[in-house]
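Just below is one structure, and these are the notes that go with it.
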Amino acid sequence: MRDRHRISGIQEPLPAGEELVWEGTPTIRGIAHRVLHERWVLAYFALLIGLTLVQAPGRHPGEVVARVVWLTLLAGVVFGLLRGLAAWIRRSSHYSVTNRRIIIQKGIVLPSVVNVPFERIQGLQLRSFADGTGDLVLELVPGARVGYVFLW
């Protein structure tokens, strides 16, 4: 059973009267698809392979096979790198919701934490996806900001 007065990755307990409502991390697949645009990268390699096959007539079959194999191997390496980066991003990201605020922990190279009190949130939208995941879009009250460097 999880402790409703502690947030994963943060040493100090929550202040008196504040309780943890939900916490989670993004999925590797969600990051790969929606942040790193994995499908577009794989579509690019599929296009390159298709162009190689379209240009195949009049070329030596060994040359065509070699290009297709090379592009397929390269696509596999790039896919693996994207999934590895997605896993790294997932390990460094954690989201928590208490009864008073939203806490976002992120950062591979420069770990950081931002607290967004509910008083600074004007609106909240959930963008759901077919794989059961979703994006929460926070709309802050006028004048409330989160630093650009943090979001980058």
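Overview of results
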read-out	value
Contact order relative to length of the stretch 1-150, as percent, for alpha carbon pairs under 8 angstrom and 6 or more apart	21
Under-5 Å amide H pairs with R101, H placed in peptide plane, nonlocal only	F118
Signed unit charges on C-beta, dipole axis of the chain, positive-most listed residue W70, V137, Y95	W70
In sequence order, calculated HN-Hα J values of the stretch 120-125 (Karplus, 6.51, -1.76, 1.60; Hz; x Gly/Pro)	8, 9, 8, x, 9, 10
Projected area, mean over directions - the stretch 1-128, Cα convex hull, nm²	11.6
Tilt relative to the chain, helix 61-91 - C-alpha long axis, 0 to 90 degrees, to 10	10
Percent carbon-and-sulfur accessible area, the chain, ignoring ligands, DNA and RNA, probe 1.4 Å	64
On Cα atoms only, tilt of 38-54 relative to the major axis of the chain in degrees	10
Surface per residue (accessible, 1.4 Å probe) for the chain, Å²	70
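The values are calculated or read from the model by the stated rules, or taken from the named source; none is laboratory data. Not measured: the values here are computed from a predicted model. Positions of Cβ are backbone-derived with ideal geometry, glycine not excepted, and every protein chain shown enters the neighbour counts. In case anyone asks, the SASA skips ligands and DNA or RNA and just uses the protein heavy atoms, side chains included. Shrake-Rupley method; radii C 1.70, N 1.55, O 1.52, S 1.80 Å.
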